[in-house]
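In what follows, a single structure is set out as structure tokens and then discussed.
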Amino acid sequence: MLTVTYTLNALLMIVLPIILAIVLVRRLKTRWSLLLWGALIFVVSQGIRLPLLYGLTALLAGRDIMSKEAAVIFNIVFLSVTAGIFEESGRWLGYRFLVRDARTWEDGVTYGAGHGGIEAIIFGGLAGLTVINMFLLQGMDLSTLPLSADQQAQTAASVAAFWSAPWYMTLLGAVERVFALCLHISLSVLVLQCFVRKNWLWWLAAIAWHGLGNIVGVGLAQAVGPVEAEVGLAVIAALSLAILFALRKQPAPAQPVEVVAS
């Protein structure tokens, strides 16, 4: 049973954003390249952010700068805010230099679907690899692996926990990606307002909303549990959709003032 649900979870994380992309391009009559640029922006932004985070982690390793509890809170906030800064700056740069003619609400939605879609596909691929590894480890004699006794015990505990999870927990990854897609699409439309409404404060709003969404998800997962975290993310997704459709009506371009000769 769990093999089926774990596999289904990984497949849904990969297939759902692809289906969404096809539907959006056809219904909104936008172009495929917006999806590809959105995906590229996500990959590049993370390609820059993650090495910096690893470097900072290595720099601070072994230093007791703050209490354990404070460190947990700091890490959640720092990781969430940096995700917002790097990804929303990436979106802005994409609008500014790569898709300079993408200025409609429909363009922003498609651009965001590419950004959030590639994230879902990457996580789906990683989830699939995890299922394969755990399936292989389940029937393996861990003593044959080049691991210490402590590592073997930890691996055995991880495998046992993986295969003893309630079935509904195994599908939370796909559920979370649906909520994340709602957030990503709203963020792309928020950043688009920098160009449509000529105000860079929309970029700050996108960073704040992105950071808050991550803080809610990660914070609730650590403080309460994964199911409660998904409930919190469902609220973020609903609010993201509200923001998205509130911004559907874009301001009309300024009309030239007609001068009447007297």
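The values are calculated or read from the model by the stated rules, or taken from the named source; none is laboratory data. Values in this document were obtained by computation on a predicted structure and should not be read as measured data. Quick reminder, even Gly has a Cβ in these numbers, built from the backbone with ideal geometry, and neighbours come from all protein chains shown. The protein model used for the area step is the full one, side chains on, heavy atoms only, and it has no ligands, DNA or RNA in it. Shrake-Rupley method; radii C 1.70, N 1.55, O 1.52, S 1.80 Å.
Contact map, region 109-137: residues that are without any contact (Cβ under 8 Å) to a residue 60 or more places away in the chain paired with residues that are open to solvent by 30 Å² or more (accessible area, probe 1.4 Å) and among the β-branched types (Val, Ile, Thr), Cβ distance under 8 Å, separation 6+ or inter-chain. Pairs shown: LEU137/THR155.
Restricting to region 234-251, what's the tally of residues that are modelled with pLDDT of 95 or more and either in contact with a His (Cβ under 6 Å, 6 or more places away or on another chain) or among the polar types (S, T, N, Q) (or both)? Show your work before the answer.
Restricting attention to region 234-251, the residues satisfying the condition of being modelled with pLDDT of 95 or more are 234-247.
Applying the additional criterion that residues be either in contact with a His (Cβ under 6 Å, 6 or more places away or on another chain) or among the polar types (S, T, N, Q) (or both) yields 240.
Result for region 234-251: 1.
Kindly indicate the residue of region 200-210 that is open to solvent by 50 Å² or more (accessible area, probe 1.4 Å) and assigned to a helix (DSSP H, G or I) and also nearest to GLY173 (Cα to Cα) among those meeting that condition. The residue in question is ALA208.
Would you confirm, using the coordinates I've provided, whether VAL178 is open to solvent by 50 Å² or more (accessible area, probe 1.4 Å), closer than 25 Å to ILE85 by Cα, among the aliphatic types (A, V, I, L, M) and in contact with a Leu (Cβ under 9 Å, 6 or more places away or on another chain)? Break it down into steps so the answer makes sense when it comes.
Numbers: open to solvent by 50 Å² or more (accessible area, probe 1.4 Å): yes; closer than 25 Å to ILE85 by Cα: yes; among the aliphatic types (A, V, I, L, M): yes; in contact with a Leu (Cβ under 9 Å, 6 or more places away or on another chain): yes.
The answer is yes for VAL178.
Checking each residue in region 73-103 for being open to solvent by 60 Å² or more (accessible area, probe 1.4 Å) and more than 26 Å from GLY55 (Cα to Cα) picks out ARG96, PHE97, LEU98, ARG100, ASP101, ARG103.
Could you pull out the residue among GLY108, GLY116 that is open to solvent by less than 60 Å² (accessible area, probe 1.4 Å), within 26 Å of the chain's Cα centre (by Cα) and closer than 25 Å to THR5 by Cβ? Talk me through it step by step, then tell me what you get.
Working: GLY108 fails: closer than 25 Å to THR5 by Cβ.
Going through GLY108, GLY116 in turn, just one is open to solvent by less than 60 Å² (accessible area, probe 1.4 Å), within 26 Å of the chain's Cα centre (by Cα) and closer than 25 Å to THR5 by Cβ: GLY116.
Among residues of region 37-56 that are under 17 Å from TYR111 (Cα atoms) and part of a helix (DSSP H, G or I), those with a Cβ under 6 angstrom from a residue that is open to solvent by 70 Å² or more (accessible area, probe 1.4 Å) and modelled with pLDDT of 95 or more, sequence gap 6+ or separate chain, pair up as TRP37/LEU98. The numbered conditions (1) open to solvent by 30 Å² or more (accessible area, probe 1.4 Å); (2) out of contact with any Cys (no Cβ under 9 Å at 6 or more places or on another chain); (3) not charged (D, E, K, R) are all true for GLY213 except (1).
What about ALA71, is it under 25 Å from LEU220 (Cβ atoms) and either at pLDDT below 95 or part of a helix (DSSP H, G or I) (or both)? Judged against the criteria, ALA71 is a match.
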